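Asker: Have a look at this one.
Only the coordinates and a few stated rules stand behind these numbers; no lab work does. Just so you know, these numbers come straight off a predicted model, no measurement behind them. Cβ sites come from the backbone with ideal geometry, for glycine too, and all protein chains shown count toward neighbours.
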Amino acid sequence: MTPSSAEVTNLSEAFFAFEYGRTRVNVLAYVHLRNIVHSTGAGRVARHMTESLTLDQEVKTHILADASDHRKVIRKLDPPWKELDYHLFQSDTSAQQARWALTGSPEAERYWPEVDIVYCTAESYVPTRRKRLVVTVHDAAIFEDDVHKPSYWLFKQRLKWRLLYSILARKADLFHVVSNYSAERIAHYFPTIRSRLRVVHNAAPERFFAPVSAAGEGFLERAGLRNRPYILVPGGLHYRKNAEMVLNVATLLRSRLPDYLLVVGGHSESRYLHRASALMPDILLTGFVDDEALCSLYHAASAVWFPSRYEGFGVPVLEAMACGAPVVTSNGTALPEIAGDAAILVPPNAIDCHVEAIETVCCNRALREELIIRGHARARQFAWRSSAAKLTSYFRSII
């Protein structure tokens, strides 16, 4: 008699328990699916951490998500997303999160009774009955001075996030934090959760360690970058990313490095677009690009410049290093923790120092080669599979 699929699954799990001496951990990952398509920032981290968890034989991962998001994005996603088990709620994400926060229902066990760990892949709350809740916390930027311009939006966001943290401080069993720097800043604002903070670093996807593709090289050709030296600024023009500095330095580089183009990758705030357009043709805004194009941009760049004012981690630094690009970045927040001695670190507001560092990297071949070697080795110290395994060990510690 041929065994049913359920019997095969049970036999497989029984063999795993016999072979490894322990059972799998059932993880219900709450993912904002709309943020993992063409993802940047926290959405990019949620995507890669979740994908890495699904590769771990010790973890059975199911996804909790907005049904509307699922309908819109599932056809755009690659494996393993199409093969995963989904538990979908019908409300809009914001409405569902408000319901969870205000009523504490429905609890996670209603979606998947066998769950062991409810894992929010970004700052969110899903109520549980008896199961453990783990929440990823990226940074404390919303509470920090000089990271965002004062506005009514900022006032509302701080109120919302303080309410969220007041709930999580009572309900969450563990907080996954992406850097030691972020852990310290979160603990500064919410000291009652310090003992529950666990640092698991982000990483650069394996794609960035691989050679460039025809699709990526085609993008460079269409953008006119094939034979043009350029400095790449990943992350777009944003106040938090030091857009004022980028535009000021772009003006100075016109005379210092007249043959070089400044290429800004990623989405940009509208307030900076008019000023950037005035610097054309010495600056190119690519907008969002996919990983194939981004890999080629990193590979061909004379330097990657990431002068951010505030980072809870700084994934673009590792991506650039993985692709073999020399990096100039800020010496504050989490960036020194991630870059180590493999990048040139400059105070975020020292314009002349940034100009000098960029010029030196572009003109000093020996320094470029040294930074490339150090950077590649540094990036290899961060791997998503290792990060997922470490996070899984923390899951087990609270079951």
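Asker: Does region 65-117 come out rounded, prolate or oblate, given a ≥ b ≥ c as the square roots of the eigenvalues of its C-alpha gyration tensor, rounded meaning a/c under 1.5 and, failing that, prolate meaning a/b above b/c?
Answerer: Oblate, since a/c reaches 1.5 and b/c is not below a/b.
Asker: Sort His38, His274 so that the residue with the fewest other Cβ atoms within 10 Å of its own Cβ comes first and the one with the most comes last.
Answerer: His274, His38
Asker: I would also like to ask the following. For the chain, compute the orientation-averaged projected area of the C-alpha convex hull (one quarter of its surface), in nm².
Answerer: 21.7
Asker: Using θ = phi - 60° and the Karplus relation 6.51 cos²θ - 1.76 cosθ + 1.60, list the HN-Hα couplings for region 257-271 in order, rounded to whole Hz, with x at every Gly or Pro.
Answerer: 9, x, 8, 9, 9, 9, 10, 9, x, x, 5, 10, 5, 4, 5
Asker: May I pose another question? Say each of Ala214 and Gln90 gets a label point 7 Å from the Cα, pointing the same way as Cα to Cβ; how far apart are those two points in nm?
Answerer: 4.7
Asker: I need the shape label for region 207-379. Rule: rounded when a/c is under 1.5, else prolate if a/b > b/c, else oblate, with a, b, c from the alpha carbon gyration tensor. Write down the numbers at each step before the final one.
Answerer: Numbers: a/c = 1.28, a/b = 1.03, b/c = 1.24.
Because its axes are fairly even, with a/c under 1.5, region 207-379 counts as rounded.
Asker: Now a separate question. Distance between the C-alpha centers of region 183-227 and region 105-125? Whole Å please.
Answerer: Going from one Cα centre to the other spans 26 Å.
Asker: How large, in Å, is region 296-342 by the Kirkwood hydrodynamic radius built from its alpha-carbon pairs?
Answerer: 10.6
Asker: Moving to a separate point now. Within 10 Å of each residue's Cβ, count the other Cβ atoms and sort Ile283, Ile142 from fewest upward.
Answerer: Fewest-to-most ranking of Ile283, Ile142: Ile142, Ile283.
Asker: Under the definition of Cα pairs under 8 Å and six or more residues apart, what whole-number percent is the relative contact order of region 207-379?
Answerer: For region 207-379, the relative contact order is 23 percent.
Asker: Further question: In region 41-146, what trypsin sites (Lys or Arg not before Pro) fall in a loop by DSSP, with at most 15 other Cβ atoms inside 10 Å?
Answerer: Arg129, Arg130
Asker: If I model a spin label as a point 7 Å beyond the Cα along the Cα-Cβ vector, how far apart are those points for Asp78 and Glu184 in nm?
Answerer: 3.7
Asker: For Lys171, give me every one of the lysines with a C-alpha distance below 27 angstrom, ignoring sequence neighbours fewer than eight places off in its own chain.
Answerer: Cα-Cα hits under 27 Å: Lys60, Lys131, Lys156, Lys160, Lys390.
Asker: Further, regarding this structure: Go ahead and estimate [θ] at 222 nm for the chain from helices alone: -39,500 (n - 2.57) per DSSP H run with n ≥ 4, summed, over the residue count, rounded to 500.
Answerer: Value at 222 nm, helices only, nearest 500: -13500 deg cm²/dmol.
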